[in-house]
Amino acid sequence: MAASTYPAPPVERGVVGRSVLRLEDPPLLTGEGRFVGDLSFPHQLHMRVVRSAYAHGRIVAIDTAAAAATPGVVAMWTSRDTSDLPPIGLREGLGTRQTDVTRLMPYLQPVLAREQVRYIGEPVAAVFAEDPYLAEDAADLVDVRVEELPVLLAAEDQPGEFAPGYGTEADVIRKGYGDIEAGFGAAHAVIELDLTVGRHSGSPLETRGALAWHDPAADVVELYGAAKIPHVTRDLLARVLGRSPASVHLHEGHVGGGFGIRGELYPEDVLVSLAAVRLGRPVKWIEDRREHLMAANHSRQQRHRIRAAVDPDGHILAIDDVFFHDQGAYLRTHGTRVADMTAGLLPGPYRIAAYRVAGHVRLTNKTPAATYRAPGRYEGTFVRERLLDGIAAKLGIDPVEVRRRNLITSAEMPYERPLDAIGDEIVYDSGDYAALMDKALSAVGWDGLEAGLRQRRAAGEAVGAGLAIFVEKSGLGPTDRVTISVDDQGIVEVVTGGASVGQGFETVMAQIAADALGVDYRRVRVVHGHTDRIERGVGAHASRATVMTGSATHVAARALREKAIEAAAGLMQTPVAALDLVDGRVTRRDMPDGPSMAMGDIGRNTPGGLHAEGRHTTEHMNYPYGVHVAVVRVDHATGGVEIERYLTAYDIGRAVNPMLIEGQIAGGFAQGVGGALAEEFLYDARGEPLSVTFADYLMPTAREVPPLEMIITEDAPSPLNPLGLKGAGEAGVNGVGAAIAAAIDEAVGIPGAVTRLPVTPQRLAEIVDRHRLPETRS
């Protein structure tokens, strides 16, 4: 394949590359944000969901009489009232093949439980009342009788029956290349590990919510509270409701955190939309935190049994991995994407001659799982980097050196690996992994740092350092589209099917448009998240917004610039080649202070106005990359881990707004710390969730998250888009679990000590005690 589709981006810069202030912030900082909880319509009803109190069982009866008789209750629904609806489907496209949709259909979740309940928190009934308190009181009166069935809580256990004719193993993801048997046959040593990543997920400040109303005159359903992928969610919702997508409009307001967990069509979204049509009144639902922790998507939980074959110098000859992905009770709209990304991207930045993986996607009686920031990659990086540390320990090679010997070099770019991830062939577009590792090590003074840590350990402290290297993915295609126009006041409007989940989307798109046009970015208005304003859109996910929507915005803005100059040439009676567009005005190149025309004046005097369209299409994702370095101290008495120092180094290709990238990295880092040290959804033997408040589901506070050192480089612009852009959404989270695990190993002096995340104080104390016990006996 060709090494480059686009020429290298220009070195000179306008507003792109500058840390300008965010356009989104004024309403949020002045209390004028408009979240779904702030919205109301006259005469609206409120919904409360009755949820299963059993992890698995047959529904014997649902008695709604007392609830229905409660004053103020307008309607009560069970699955009898939604039996005409299909289950909530998979996203088609976006890496999901039609064959997957058909094959996985039996495992999809109904809007309300039918015949069986399969997890605690599953929607069983819905109450619609005049106010939320009446709805909640009435929901408590619903009597759900269930005949309990055995529960399945571990994906690695023997599969059971999901439904007649279907087992609980929904899919097996198999990928690979090369001669595995030859690799292991030639091995100098084989390293085998059993590794687990615990179940956790995003906990946005704003819980889920939805507000729907039906316009009977136009027969249009409008749903407020959409996030992340409004157009995709619209199409899924229309399919469930049996309506044309044109008759369903989704509206995205301010979003109090996305992180993957909000990009879903949930049963509650369907229920409020259907109720708005059937009951003839707007319907609103806001979940409480307990509901969120037991019913919104979980993520991450995987167990890997992995082995590597290496030669005497630590070069990897082959990797063979079998893993079990705990999907929870149903497949939701993401299908098997997380397990697929784990399988496809686990090899990371290393040259591996042969690779084989089998990922078993299994259903358990837990809350269904889907994506969470760096889905499949946080897990895969932990497993792969633990394996590299295991190779180093087995052969007595320095962990940095064993990585250096296996890293793909810049001379090998573009590097085609015979694998795919969510249907996209893996071709690393650009990168110099060793150079970034060296920059990170230099920034922390690695040799001196390690020498100091050795001295502290000799004095009795349990301190250590570790690193992790990873390749991310971004810019998921295949295409994105933007329209752009100028009004008679010179305000530029960019209309996009992208979405904002707090990442600075409006600011970045405004910067890219302003830079290409030659206007002030503050005079660019970005319209997004409204499916009635632009026909198609793919939203903000997979670190795609800056790459895909940004590239389409760049193309559209360049086209609009050309149109403006051509229109001005006729109005000013000046050759096109003699004109330029600077600071929102078309001027003569040879007379910058001479006659000029403002963009608004040009648009007002141009028949049909000034507008353009831009599209960006790509055949492959692109691949940013990073290095994390952690320094930790372990409390001998409690097993508690304190992060003393942490550095992230990340190559972004080209940074549109460095300040926003730093914010993305810092936020992701905090979430990575949670998954590494604290956050975990636990269940008892009956399938009862034990982590349904923040007293039990422990999130890191400012005390546990140290100041973060960052290096952002632009050494490897992507050749796959006109600006050389790569994504940053997962940069801060990807390597945290792996780097902290390596640092803990060194701190406690036990190679390979950490095999499970999160490393809670209790677990670490048990690890250390088990290691000391043989010494005590001897």
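The values are calculated or read from the model by the stated rules, or taken from the named source; none is laboratory data. Just so we're clear, the structure is a prediction, and the values are computed from it rather than from any experiment. Counting neighbours? That spans all protein chains shown, and the Cβs are built from the backbone with ideal geometry, glycine included. When the accessible area is computed, the model is the full protein with side chains, heavy atoms only, and any ligands, DNA or RNA have been set aside. Shrake-Rupley method; radii C 1.70, N 1.55, O 1.52, S 1.80 Å.
Would you say E562 is in contact with a Gly (Cβ under 9 Å, 6 or more places away or on another chain) and loosely packed, with under 14 Cβ neighbours inside 10 Å?
It is false that E562 is in contact with a Gly (Cβ under 9 Å, 6 or more places away or on another chain) and loosely packed, with under 14 Cβ neighbours inside 10 Å.
In region 274-290, what count of residues is obtained for those that are more than 20 Å from G33 (Cβ to Cβ) and open to solvent by less than 10 Å² (accessible area, probe 1.4 Å)?
So the answer is 3.
Does R332 satisfy the criteria of being open to solvent by 10 Å² or more (accessible area, probe 1.4 Å) and more than 16 Å from G260 (Cα to Cα)?
When the stated conditions are applied, R332 does not pass them.
It is to be established whether one or more residues within region 506-526 are in contact (Cβ under 8 Å) with a residue 60 or more places away in the chain, over 30 Å from T587 (Cβ atoms) and open to solvent by less than 30 Å² (accessible area, probe 1.4 Å).
No, there is no match, as no residue in region 506-526 is in contact (Cβ under 8 Å) with a residue 60 or more places away in the chain, over 30 Å from T587 (Cβ atoms) and open to solvent by less than 30 Å² (accessible area, probe 1.4 Å).
With the requirement that a residue be open to solvent by 10 Å² or more (accessible area, probe 1.4 Å) and within 30 Å of P123 (Cβ to Cβ), what does region 295-315 give you?
Restricting attention to region 295-315, the residues satisfying the condition of being open to solvent by 10 Å² or more (accessible area, probe 1.4 Å) are 301, 303, 305, 307, 311-313, 315.
Correct list: Q301, R303.
Looking at (1) in contact with a Lys or Arg (Cβ under 8 Å, 6 or more places away or on another chain); (2) within 30 Å of R525 (Cβ to Cβ), can you tell me which one S19 breaks?
(1)
What number goes with the only condition from (1) polar (S, T, N, Q); (2) surrounded by fewer than 16 Cβ atoms within 10 Å (Cβ to Cβ); (3) farther than 26 Å from T496 by Cβ that T648 does not pass?
Answer for T648: the failing condition is (2).
Out of all the residues in region 735-745, is one or more in a loop (DSSP other than H, G, I, E, B) and either among the small types (G, A, S) or within 16 Å of L388 (Cβ to Cβ) (or both)?
Scanning region 735-745 turns up at least one residue that is in a loop (DSSP other than H, G, I, E, B) and either among the small types (G, A, S) or within 16 Å of L388 (Cβ to Cβ) (or both).
For region 689-729, how many residues are touching a Gly at 6+ places or on another chain (Cβ under 6 Å) and among the charged types (D, E, K, R)?
Selection size over region 689-729: 1.
If you take the residues in region 21-48 that are aliphatic (A, V, I, L, M) and under 27 Å from the mean Cα position of the chain (by Cα), which one is surrounded by the fewest Cβ atoms within 10 Å (Cβ to Cβ)?
Taking the candidates together, the pick is L29.
Would you check if G376 is at pLDDT 95 or above and crowded, with 21+ Cβ neighbours inside 10 Å?
It is true that G376 is at pLDDT 95 or above and crowded, with 21+ Cβ neighbours inside 10 Å.
Name the one entry in V357, V361 that is touching a helix residue (DSSP H, G or I) at 6+ places or on another chain (Cβ under 7 Å), within 30 Å of M294 (Cβ to Cβ) and part of a strand (DSSP E or B).
Of the residues listed, the single one that is touching a helix residue (DSSP H, G or I) at 6+ places or on another chain (Cβ under 7 Å), within 30 Å of M294 (Cβ to Cβ) and part of a strand (DSSP E or B) is V361.
Pull out all pairs, ordered by first then second residue, where Cβ-Cβ is under 6 Å, the residues are six or more apart or on different chains, the first lies in region 697-726 and is under 15 Å from E644 (Cα atoms) and free of Cβ contacts under 8 Å to residues at least 60 places away in the same chain, and the second is open to solvent by less than 40 Å² (accessible area, probe 1.4 Å) and among the β-branched types (V, I, T).
Final answer for the pair search is P700/V673.
Kindly list the number of the only condition in (1) open to solvent by 30 Å² or more (accessible area, probe 1.4 Å); (2) at pLDDT 95 or above; (3) closer than 23 Å to K228 by Cα that fails for Q109.
(1)
Check A318 against each of (1) outside any strand (DSSP E or B); (2) open to solvent by less than 10 Å² (accessible area, probe 1.4 Å); (3) in contact (Cβ under 8 Å) with a residue 40 or more places away in the chain; (4) of a type in the set (G, A, S) and name the one condition it does not meet.
Only one criterion in (1) outside any strand (DSSP E or B); (2) open to solvent by less than 10 Å² (accessible area, probe 1.4 Å); (3) in contact (Cβ under 8 Å) with a residue 40 or more places away in the chain; (4) of a type in the set (G, A, S) is unmet by A318, namely (1).
With region 156-273 as the region, which strands (runs of 3 or more DSSP E) entirely inside it contain at least 1 residues that are among the small types (G, A, S) and either over 19 Å from Q503 (Cβ atoms) or open to solvent by less than 30 Å² (accessible area, probe 1.4 Å) (or both)? I'd like the intermediate steps shown before the answer.
On the way: elements: 161-163, 169-177, 189-197, 209-215, 220-224, 248-251.
Answer list for region 156-273: 161-163, 169-177, 189-197, 209-215.
Quick one: would you say Q489 is in contact with a Gly (Cβ under 8 Å, 6 or more places away or on another chain), outside any strand (DSSP E or B) and surrounded by fewer than 21 Cβ atoms within 10 Å (Cβ to Cβ)? Break it down into steps so the answer makes sense when it comes.
Numbers: in contact with a Gly (Cβ under 8 Å, 6 or more places away or on another chain): yes; outside any strand (DSSP E or B): yes; surrounded by fewer than 21 Cβ atoms within 10 Å (Cβ to Cβ): yes.
So Q489 passes the test.
Step by step: first the residues of region 65-91, then only those that are in contact with a helix residue (DSSP H, G or I) (Cβ under 9 Å, 6 or more places away or on another chain) and within 18 Å of R145 (Cβ to Cβ), then the one that is surrounded by the fewest Cβ atoms within 10 Å (Cβ to Cβ). Which residue is that?
Restricting to residues being in contact with a helix residue (DSSP H, G or I) (Cβ under 9 Å, 6 or more places away or on another chain) and within 18 Å of R145 (Cβ to Cβ), the top hit is A66.
Within region 415-444, work out how many residues are in contact (Cβ under 8 Å) with a residue 40 or more places away in the chain and open to solvent by 40 Å² or more (accessible area, probe 1.4 Å).
Residues that pass the stated criteria total 8.
Within region 683-696, how many residues are under 20 Å from A296 (Cβ atoms), touching a residue at least 24 places away in the same chain (Cβ under 8 Å) and surrounded by fewer than 19 Cβ atoms within 10 Å (Cβ to Cβ)?
Result for region 683-696: 3.
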